[in-house]
Amino acid sequence: SDETYTCPYCPKSNKQKYRYKDLLQHASGVGNSSSAKRKPRVKANHLALARYLETDLVPVVSSSKPVVEEDPPSGCDHDEKIVWPCTGIVVNIPTRRSADGRSVGESGSKLRDELIRRGFNPVRVHPLWNFRGHSGTAVVEFRKGWPGLHNALSFEKAYEADHHGKKDWGANDDVKHGLYAWVARADDYNASGIIGDHLRKIGDLKTISELMEEEARKQDRLVSNLTNIIETKTKHIKELEAICSETSKSLEVLMEEKENLLQAYNEELFSGTTVVSKVSNSCCYCSQRLKRFN
């Protein structure tokens, strides 16, 4: 369908349905796997599938409805404790002896870039060191929030699909080849050793249900704060409206007083002009009578 895909080279796999992103991660993971169990033909087929998905199928997928990852995942145990912020564990990282006898390995940035290319979007990869040097293990830090959890779970599922998950690492059947990885949980957090010590320094144990409750409380606080801000702004606006109304009334009174004063002034000025005119006319009449008398 437009939303569900299958891997044509893994017909006997337990997982038959993938989203586009998960199938791309599966194909890239198998194609780039360093496991001796994977035959070259299987790796080549999966690399070709990844190439096809990235070049030919992506325009079709990009035009479809995007997958929303802003909500908590539904396909996992919401009561299982995980390390938060979400953290991955990578083991069996190749190391070598340096001239001083200490173990050295590749930097975390190289593994981080590889995981980014595979679509897991980690924030950073932190190799763990002890007194002997590089321990061959590292922790992968993902973003906070639900997108980071989705990336971490996709990261874990990709290694599980490649038989390089936590259960495969714990199985004592043969020599291990390649990287093994999973999402850190309560047993990793409480374990003694370099991994447990580091996890206890950077995170806490929480369930998805607890995270959802925290998110709900944050939303409630945000809504409450916004409501208080709106009420304060509304009260301030009403106060300004009252001040403007009073100022407008005062201006109306002043304008009325001004009009009255102006009218009184004009009336007084007109009355004075009339008196002067009458006196002037009377003076002219008297002067003419005096001339005739003389």
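Descriptive notes on the structure:
Conditions (1) outside the structural domain of LEU115 (by the TED database); (2) open to solvent by less than 50 Å² (accessible area, probe 1.4 Å); (3) modelled with pLDDT under 75; (4) touching a Pro at 6+ places or on another chain (Cβ under 6 Å), marked per residue:
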{"residue": "SER13", "(1), (2), (3), (4)": "yes, yes, yes, no"}
{"residue": "TYR18", "(1), (2), (3), (4)": "yes, yes, no, no"}
{"residue": "LYS21", "(1), (2), (3), (4)": "yes, no, no, no"}
{"residue": "LEU24", "(1), (2), (3), (4)": "yes, yes, no, no"}
{"residue": "SER28", "(1), (2), (3), (4)": "yes, yes, no, no"}
{"residue": "ALA36", "(1), (2), (3), (4)": "yes, no, yes, no"}
{"residue": "LEU53", "(1), (2), (3), (4)": "yes, yes, no, no"}
{"residue": "ASP56", "(1), (2), (3), (4)": "yes, no, yes, no"}
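- Of all residues in the range 101-125, those that are over 19 Å from GLU156 (Cβ atoms) have Cβ atoms under 7 Å from Cβ atoms of residues that are of a type in the set (Lys, Arg), 6 or more apart or on another chain, in ARG102/ARG132; SER103/ARG97; SER103/ARG132; VAL104/ARG96.
- Listed conditions (1) farther than 29 Å from VAL42 by Cβ; (2) surrounded by fewer than 20 Cβ atoms within 10 Å (Cβ to Cβ) are all met by GLY119, apart from (1).
- Selected residue (criterion: least open to solvent (accessible area, probe 1.4 Å)) from residues of the range 91-100 that are more than 23 Å from GLU160 (Cβ to Cβ) and in contact (Cβ under 8 Å) with a residue 24 or more places away in the chain: SER98
- Selection of first residues in the range 132-157 that are under 18 Å from LYS201 (Cα atoms) and of second residues that are of a type in the set (D, E, K, R) and assigned to a helix (DSSP H, G or I), restricted to Cβ pairs under 9 Å at least 6 apart or on distinct chains, gives the following pairs, ordered by first then second residue: VAL140/ARG112.
- Scan of the range 135-169 for residues that are out of contact with any Ser or Thr (no Cβ under 6 Å at 6 or more places or on another chain), among the aliphatic types (A, V, I, L, M) and more than 20 Å from LYS12 (Cα to Cα), ordered by number: ALA138, VAL140, LEU149, ALA152, LEU153
The values are calculated or read from the model by the stated rules, or taken from the named source; none is laboratory data. All figures in this text were calculated on a predicted structure; none of them were measured in a lab. In this analysis, Cβ positions are derived from the backbone assuming ideal geometry, glycine residues included, and neighbour counts consider all displayed protein chains. Heavy atoms of the whole protein, side chains included, go into the accessibility calculation; ligands, DNA and RNA do not. Shrake-Rupley method; radii C 1.70, N 1.55, O 1.52, S 1.80 Å.
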